[in-house]
Amino acid sequence: AVGSGKGGVGKSTISTNLAIALQKSGAKVGLCDCDLYGPSVAMMLGATDEQPLANDKNEIMPIDAHGIKAISMGFLISDDSPVIVRGPLATRYVQQFLRQCVWGELDYLILDLPPGTGDIQLTIVQTVALDGAVIVTTPQEIALIDARKASSMFQKVNVPILGIVENMAWFECDHGEKYPIFGDGGGGKEAERLGVPLLAQVPLNMETRHRGDNGEPVATLDPETDAISKTFQSLAEKVSTAVNA
């Protein structure tokens, strides 16, 4: 599971690029967008025009994109259509994504969680046995407050925290100087407080944003020539090691 207590910190960016980086390592990977109200995965994978089909058993066939299997509410509704459902129906949708999708044989299923610590998170914990959770935060204290709540939730339901990803860690100018726009070192301090690894620091980067908007995630680039792709490759290796330890 990839989660945080707060919206807008980049969970979908981290989830999508982590899934692709794991796939590039040779693994079979699925990506389940559990954020029904603000689904982002369809756009990030460049598959907003795709619609999943059902087989003769009325099971959902995930979309194939960039070598991974994916399901998202973004495949089922148009960009301007809100999902207006109460908690019980939302949890039923998530259960269908997990139980009634033909995921096939996977090495990893990445769950991109919505913000908060509510119905959907609890449904996921009760529906599947999670190997671990990656907590995404930005460096500033206002985001770390909510990240702590997410961490505490996973601890209370006995889900191991694999580590922290600090997103938007800094902005780097063309001449190489780094500007910690949202604060400096907050993710590292939180990882130390929890006694878990700081898995990655992902900078605020125009290319990452542009590629996410255009359905060509930065992790698809060659990590030997692109620093951000290399960061996600390293993150994938650390997550794989932690899950398979």
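Miscellaneous remarks
- Of all the criteria given as (1) open to solvent by 30 Å² or more (accessible area, probe 1.4 Å); (2) in a loop (DSSP other than H, G, I, E, B), the one not satisfied by VAL83 is (1).
- Residues satisfying the stated conditions in the stretch 136-174, i.e. open to solvent by less than 10 Å² (accessible area, probe 1.4 Å) and of a type in the set (Phe, Trp, Tyr): PHE154
- Residue that is in contact (Cβ under 8 Å) with a residue 24 or more places away in the chain, in contact with a Gly (Cβ under 7 Å, 6 or more places away or on another chain) and closer than 21 Å to LEU31 by Cβ, where the choices are ILE60, ILE68: ILE68
- Qualifying residue in the stretch 86-100 (condition: at pLDDT below 90, aliphatic (A, V, I, L, M), crowded, with 18+ Cβ neighbours inside 10 Å and not in a strand (DSSP E or B)): yes
- Residues of the stretch 195-219 satisfying the condition of being surrounded by fewer than 18 Cβ atoms within 10 Å (Cβ to Cβ) and assigned to a helix (DSSP H, G or I): MET206, GLU207, ARG209, HIS210, ASP213
Residues checked against (1) under 30 Å from PRO139 (Cα atoms); (2) crowded, with 24+ Cβ neighbours inside 10 Å; (3) under 16 Å from the mean Cα position of the chain (by Cα):
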{"site": "GLY7", "(1), (2), (3)": "yes, no, yes"}
{"site": "ALA19", "(1), (2), (3)": "yes, yes, yes"}
{"site": "CYS32", "(1), (2), (3)": "yes, yes, yes"}
{"site": "TYR37", "(1), (2), (3)": "yes, no, yes"}
{"site": "GLU50", "(1), (2), (3)": "no, no, no"}
{"site": "ALA70", "(1), (2), (3)": "yes, yes, yes"}
{"site": "LEU76", "(1), (2), (3)": "no, no, no"}
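- Residue in the stretch 181-194 that is assigned to a helix (DSSP H, G or I), open to solvent by 50 Å² or more (accessible area, probe 1.4 Å), under 12 Å from GLY3 (Cα atoms) and not hydroxyl-bearing (Ser, Thr, Tyr) present: no
- For beta carbons closer than 8 Å, sequence separation of 6+ or different chains, a first residue in the stretch 1-26 that is within 11 Å of SER40 (Cα to Cα) and a second that is part of a helix (DSSP H, G or I) and among the β-branched types (Val, Ile, Thr), the qualifying pairs are SER12/VAL41; THR13/THR208; SER15/VAL41; THR16/VAL41.
- LEU109 meets the conditions (1) in contact with a Cys (Cβ under 8 Å, 6 or more places away or on another chain); (2) over 19 Å from ASN17 (Cα atoms); (3) aliphatic (A, V, I, L, M); (4) open to solvent by 30 Å² or more (accessible area, probe 1.4 Å) in every case but one. The failed one is (2).
The values are calculated or read from the model by the stated rules, or taken from the named source; none is laboratory data. Just so it is clear, the structure is predicted and the values come from calculations on it, not from any experiment. Here the Cβ is made from the backbone with ideal geometry for all residues, glycine too, and neighbour counts use every protein chain on show. Surface accessibility is based on the protein's heavy atoms, side chains included, excluding ligands, DNA and RNA. Shrake-Rupley method; radii C 1.70, N 1.55, O 1.52, S 1.80 Å.
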